[in-house]
Amino acid sequence: MKQTLKKAFIATIPVLTGYLVLGFGFGIILKSAGYGILLAFAMSLLIYAGSMQYVAVGLLTGGASLVTAAITTLMVNARHLFYGISMLSKYQGTGKRKPYLIFALTDETYSLVCGDNANIPPEQHSNYCLFVSLLNHLYWVTGSVAGAVAGTLLKFNSEGIDFALTALFLTIFLEQWMTAKKHLPAIIGVSASVLCRLLFGSEKFLIPTMLIIALSLCLYRENESHV
């Protein structure tokens, strides 16, 4: 168990650096909008939705209706529909851990638990997924609260702080590229993203990209199984 926790911590170090910065930025923005440290803690603990929490600050300050908030949340987090489908086999047999694993499936957690994880014994896979999810959640809550506290004590320009999310994705992608034996799935993902970005623009490319990636990877796996 301790070895599994250690491996989970090592795997989540890139997420630690990114989540502390991003959570810090969220806490500062929330505090600058007039909300307190307790709300920063509660949102990060109970909502735990990275980019959606940034959007939620604008919804709160703009007096958005519940319907608007619900539709916006669905659109921002629609990608998790595809994540969830691909994790059916990974989370099979996780028992009582499953509800939390589903709740805590962020982009970065998904990128870590969906890999091969060849160094994790099969009997420890459920614990590894749980530790990765818990650690990433802890990083985000810690960063958010720290940002809200800093926003109370200090005043500074936080412009550009959200670029840490892009840097975090790039770090995880490069790490997996270097450790993976097959690169075709990664090439499919990048190619589909670039193509849909050019065709549909920055505001509407995400869902078409996910559909193309899901279809392509299903065909890829089917062809692999027949080889």
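Computed from the coordinates by the stated procedures, all read-outs in this text should not be read as laboratory data. Predicted model only: the values in this text are computed from it and were never measured. Virtual Cβ from ideal backbone geometry, glycine too; neighbours counted across all protein chains shown.
Some observations on this one:
- N77 versus I207: modelled label distance in nm, points set 7 Å from Cα along the beta carbon direction: 1.7
- Annotation: extensible slack from L215 through K181 equals 10.1 nm (criterion: 0.36 nm per residue apart, minus Cα-Cα distance).
- Its relative contact order, with pairs defined as Cα atoms under 8 Å and 6+ residues apart, puts the chain at 37 percent.
- Helices of the chain meeting both criteria, an alpha-carbon length of 24 angstrom or more along the long axis and an average Kyte-Doolittle score not below 1.6, with helices taken as full DSSP H segments, are 13-32.
- In terms of overall dimensions, the C-alpha atoms belonging to the chain reach 60, 48, 31 Å along their principal axes, ordered largest to smallest.
- Mean Cβ count within 10 Å, highest first, over the residues of peptides 91-103, 209-221: 209-221, 91-103
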